[in-house]
1. Name the one entry in B:234, B:223, B:212 that is of a type in the set (Phe, Trp, Tyr) and at the interface with chain A (Cβ under 10 Å from one of its Cβ atoms).
2. Do you know which residues across the range B:58-88 are of a type outside the set (Ser, Thr, Tyr) and outside any strand (DSSP E or B)?
3. Of these, B:241, B:206, which one is modelled with pLDDT of 90 or more, crowded, with 18+ Cβ neighbours inside 10 Å and within 14 Å of another protein chain (Cβ to nearest Cβ)?
4. Exactly one of these conditions fails for residue A:149: (1) small (Gly, Ala, Ser); (2) touching a helix residue (DSSP H, G or I) at 6+ places or on another chain (Cβ under 7 Å); (3) within 14 Å of another protein chain (Cβ to nearest Cβ); (4) farther than 24 Å from residue B:272 by Cβ. Give me its number.
5. Which of (1) small (Gly, Ala, Ser); (2) within 14 Å of chain B (Cβ to nearest Cβ); (3) free of Cβ contacts under 8 Å to residues at least 40 places away in the same chain is the odd one out, the single condition residue A:142 does not satisfy?
6. Answer yes or no as to whether residue A:75 is in contact with an Asp or Glu (Cβ under 7 Å, 6 or more places away or on another chain), modelled with pLDDT of 95 or more, more than 10 Å from chain B (Cβ to nearest Cβ) and farther than 24 Å from residue A:127 by Cα.
7. Might you let me know whether the range B:176-189 holds any residue that is at pLDDT 90 or above and in contact with a strand residue (DSSP E or B) (Cβ under 9 Å, 6 or more places away or on another chain)?
8. Please find, within the range B:13-24, the residue that is modelled with the lowest pLDDT out of those that are closer than 23 Å to residue B:122 by Cα and buried (at least 16 other Cβ atoms within 10 Å of the Cβ).
Amino acid sequence: MALTAGHAAYAALHEDGINKFIRNVHLVRPHYFHYATSVFGGGTTNISLLNPLEVPGIGSVIQYSIDISQPVIDFVPQDAGSILPAPLALGPDQFSLTAEVRICIACGLLDKREQRDQWSPKRLCSTLKVWAVGHPTVQPLSATDKLIGLQIDQIVVKNICDLEQIVECIAELMVNAFLERLQQKVSELVLGAFGLILAAGPVISDDQLKVWGDIV
Amino acid sequence: MDATVAVSESGANQLMQKLLAGESISKSDSASWGPFSVGYSVNVALSGGTIELIDAPTNIVRVHNLNISGNVGVFFSFDLGAILPTICIPPFQVCVDIPFVGELCTPQVCITWPSVTVPINLPFSVNVSADFGISVRSAGTNWEVDLLVYPFSLFIDLSPMAGVIINAIESQVDAVLNTIPLIGSLISWLVNMVIGALSGVLSTILNAISSFIHDVILLLDLFSPTIPVPILTFAKTQAMLPAGGPSDPEVDITIAALGATIADHELVATADFA
């Protein structure tokens with residue numbers, strides 16, 4: 001069956017391709033994946049700066065860091081080795097994203113100078129596994145170009161008991177903010193071979209993100 | 001493969017028209033045939049045509065009814081003295097040797113024939129069909145999907161323009177001779193002599209110019225059997241995210257390999273990222 005489906009041109013990005021792209025983002029812009037307060041190195045080239053958390057009642061703050069592993073994207077159909085926890089399921093025109101998030105805090109590191117001789121801080125870390133499913137998006141950019149992206153609709157973070165809903169809410173916001181940074185112009189999906197005006201798509205199927213359009 | 005780009009026959013037509021817009025050429029030459037010096041300057045441009053994509057394993061891009069058109073600016077230059085006889089008025093001169101005076105002759109004027117230049121513009125247009133193979137080539141910082149023409153038949157024939165040339169030269173010679181006094185009754189005969197001389201070499205001249213046009217057309221990259229012409233070009237380094245400041249350097253993807261084929265009447269390029 002013809003790929004162009006009645007249009008002048010077709011472009012598709014395979015899940016392997018987008019995962020290589022994310023790998024390169026991870027390498028070149030590590031601060032998209034690493035966040036920390038200044039004590040944990042935040043505010044440097046590789047680590048985005050976070051403000052410490054106020055701790056109620058003690059008049060001090062907690063230093064912490066969040067590290068996100070390189071996410072893995074799986075376009076429908078689901079890879080044989082991929083397992084999504086309930087209630088997530090990969091439906092038509094969807095993708096899944098999996099990543100691990102490591103959160104560390106400096107427990108006992110109080111911001112009180114008079115108590116520094118009593119410090120006994122401990123670095124406590126926990127790694128959460130995050131699963132999400134979402135759909136492709138399109139946003140107008142100019143008269144002739146649009147932005148193609150991905151957005152998650154549902155996320156699951158396991159083994160955090162009653163905090164699950166809160167953590168999932170934060171994680172969803174973070175992942176969507178990250179995905180928004182990876183949006184691509186339609187014209188870039190044809191790898192610069194020609195100008196393309198989007199006529200149909202984006203659609204996810206056959207492990208690929210597909211668009212169709214007219215050549216300009 | 002990590003990415004796929006496919007172009008339908010109508011899309012390939014659009015890409016071909018862009019390619020054709022850059023395919024033009026101008027060349028000139030000159031030569032002499034008998035008394036006639038002929039300079040000719042050829043301009044060629046390509047347009048139109050429709051593309052048929054023939055699937056693998058043949059993998060042929062067939063262009064139907066590609067129009068090759070242009071014009072030849074031809075300059076005929078010739079010295080009428082090399083063609084026309086010497087004409088003196090009166091035809092004979094009587095001279096008498098007079099003692100102590102010397103030789104005295106009756107008056108006679110012999111005509112100095114001028115040179116004539118006749119510019120003629122000869123338009124031409126021919127439709128051809130040609131087959132092109134496709135290949136992938138690493139060309140510096142780019143990957144290219146190239147077209148390479150297979151030998152094809154191209155016949156340029158300017159012989160139908162003989163009448164135009166004869167009329168133009170006849171008219172110009174007639175005008176030039178009309179500026180010369182005392183030969184009014186001879187002009188028709190003299191013009192016929194020029195046309196007679198031209199007729200002996202005109203066919204050869206037109207064949208030479210036709211052959212020159214043929215050779216010039218084959219100098220176009222698109223018709224060169226040794227010069228691949230890119231129909232799709234991909235930068236090997238694709239800037240996926242532009243630089244956004246000191247902490248946000250450009251994020252690239254490198255196309256490590258490119259493949260191209262024709263399937264389902266589509267030109268399909270597949271890219272593998274590093």
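1. It is B:234.
2. If the condition is that a residue be of a type outside the set (Ser, Thr, Tyr) and outside any strand (DSSP E or B), then B:59, B:80, B:81, B:82, B:83, B:84, B:85, B:87 are the ones that fit.
3. Going through B:241, B:206 in turn, the sole match is B:241.
4. Single failed check for residue A:149: (4).
5. Here residue A:142 clears every test but (2).
6. yes
7. The answer is yes, given that some residue of the range B:176-189 is at pLDDT 90 or above and in contact with a strand residue (DSSP E or B) (Cβ under 9 Å, 6 or more places away or on another chain).
8. B:23
The values are calculated or read from the model by the stated rules, or taken from the named source; none is laboratory data. Not measured: the values here are computed from a predicted model. Cβ sites come from the backbone with ideal geometry, for glycine too, and all protein chains shown count toward neighbours.
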